[in-house]
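The values are calculated or read from the model by the stated rules, or taken from the named source; none is laboratory data. A quick note: this is a predicted structure, and the numbers were derived from the prediction, not measured. Methodologically, a virtual Cβ is constructed for each residue, glycine included, from the backbone with ideal geometry; neighbour enumeration extends over all protein chains shown.
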Amino acid sequence: MLSILVLVFWCTMNTLLVLRERRVASLEQYRAGVTTFLGNAFFRERWMSIHRKSKYLGYTGGTLEKTFTTDGIAIWQTLESRVEIDPLGPIEISGTLVSDQELHPLTLTVSVQTNTLQAQVTGHRSGSKFSVQVKNNLLPLPTLELPLEELLLGDALGPSFPIAGFKVGEKLDVPCFDPLTLKRDIAQVRVVSREVKEFDGILVDAYQLETAFKGIKSRSWVNDAGELLLAELGPPLQDYVLRRTTKADIQKLEKR
């Protein structure tokens, strides 16, 4: 039961993605990538269906929205995910992260539910830190003090970023929180190539990305607008594939 908690906690905290561009001296390129992803829109969404070989296992997705408040610009990110992973069974995760215009977190709420676990993750800004607390029905966990740095909600299966404007040969380091060691681990992202690839019967110009995180390597393809088209996960989640879809199509798949 403890191993289930640790794994689910790991999946949840993988949503706390601190993305730093270390190849250059500042974070301006990263922030520009998020701005390019939003474009002239104030709202964008991304939905992916999850499959293992030909079997539908669930979905993951969310929204990114720019709003205006009395204190300035706020970025609202939401996450919604449900997936069947052996031997845990169904895992459901949902959450909301509110950040300032520099993408520094203001508030966070994430809920997790499995057959045996119910957990609530909350976070708030505390001085120069971001405090994260996890309450669950199995055992107490310590309050986590994270640096007040750029924070993003990513899906529960691995790092994915709302960024556009990639360049071939570009490398990104993605510090991700690792709850197993209560430290951050680094996901390394490399823009491998730009190629024409077929998605849903249509030829699309796409960037191929390679991501290495915690010994797991994955490949993904994104278009010029930053839309994630396809992701293939490596061991121990080999044969897991994420495909671009819509919320309406997910609702149809969920009813099958």
Pro87 passes all but one of the listed conditions (1) without any contact (Cβ under 8 Å) to a residue 12 or more places away in the chain; (2) within 20 Å of Phe37 (Cα to Cα); the exception is number (2)
Return the pairs, sorted by first residue and then second, in which the second residue is of a type in the set (S, T, N, Q) and not in a strand (DSSP E or B), the first residue lies in the range 203-221 and is free of Cβ contacts under 8 Å to residues at least 24 places away in the same chain, the beta carbons are less than 6 Å apart, and the residues are 6+ apart or on different chains.
Ala206/Asn223
When you scan the range 173-191, do you find a residue that is exposed (fewer than 14 other Cβ atoms within 10 Å of the Cβ) and at pLDDT 80 or above, even just one?
no
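Listed here are the residues, each with its yes/no results for (1) touching an Asp or Glu at 6+ places or on another chain (Cβ under 7 Å); (2) modelled with pLDDT of 75 or more.
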residue: Arg22; (1), (2): yes, no
residue: Ser26; (1), (2): no, no
residue: Arg44; (1), (2): no, yes
residue: Tyr56; (1), (2): no, yes
residue: Tyr59; (1), (2): no, yes
residue: Gly62; (1), (2): yes, yes
residue: Pro87; (1), (2): no, no
Quickly run through the range 202-256 and pick out the residues that are over 29 Å from Ala41 (Cα atoms) and in a strand (DSSP E or B).
Ala212, Phe213, Ile216, Lys217, Ser218, Tyr240
If you scan the range 205-226, which residues turn out to be of a type outside the set (S, T, N, Q) and buried (at least 17 other Cβ atoms within 10 Å of the Cβ)?
Ala206, Tyr207, Leu209, Phe213, Trp221, Val222, Gly226
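Has the range 102-113 got any residue that is more than 30 Å from Leu138 (Cβ to Cβ) and in contact (Cβ under 8 Å) with a residue 60 or more places away in the chain?
yes
Any residue at all in the range 61-70 that is under 19 Å from Arg244 (Cα atoms), among the polar types (S, T, N, Q) and free of Cβ contacts under 8 Å to residues at least 12 places away in the same chain?
No, there is no match, as no residue in the range 61-70 is under 19 Å from Arg244 (Cα atoms), among the polar types (S, T, N, Q) and free of Cβ contacts under 8 Å to residues at least 12 places away in the same chain.
Quick grid of which residues meet (1) touching a helix residue (DSSP H, G or I) at 6+ places or on another chain (Cβ under 8 Å); (2) over 20 Å from Leu79 (Cα atoms); (3) in a strand (DSSP E or B):
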position	(1), (2), (3)
Ser94	no, no, yes
Leu103	yes, no, no
Leu108	no, no, yes
Gln133	no, no, yes
Leu139	yes, yes, no
Pro142	no, yes, no
Restricting the search to the range 113-130, which residues are surrounded by fewer than 16 Cβ atoms within 10 Å (Cβ to Cβ) and among the small types (Gly, Ala, Ser)?
Ser126, Gly127, Ser128
Please go through the range 163-172 and pick out each residue that is in a loop (DSSP other than H, G, I, E, B) and either more than 14 Å from the chain's Cα centre (by Cα) or modelled with pLDDT under 70 (or both).
Ala164, Gly165, Phe166, Lys167, Val168, Gly169, Glu170
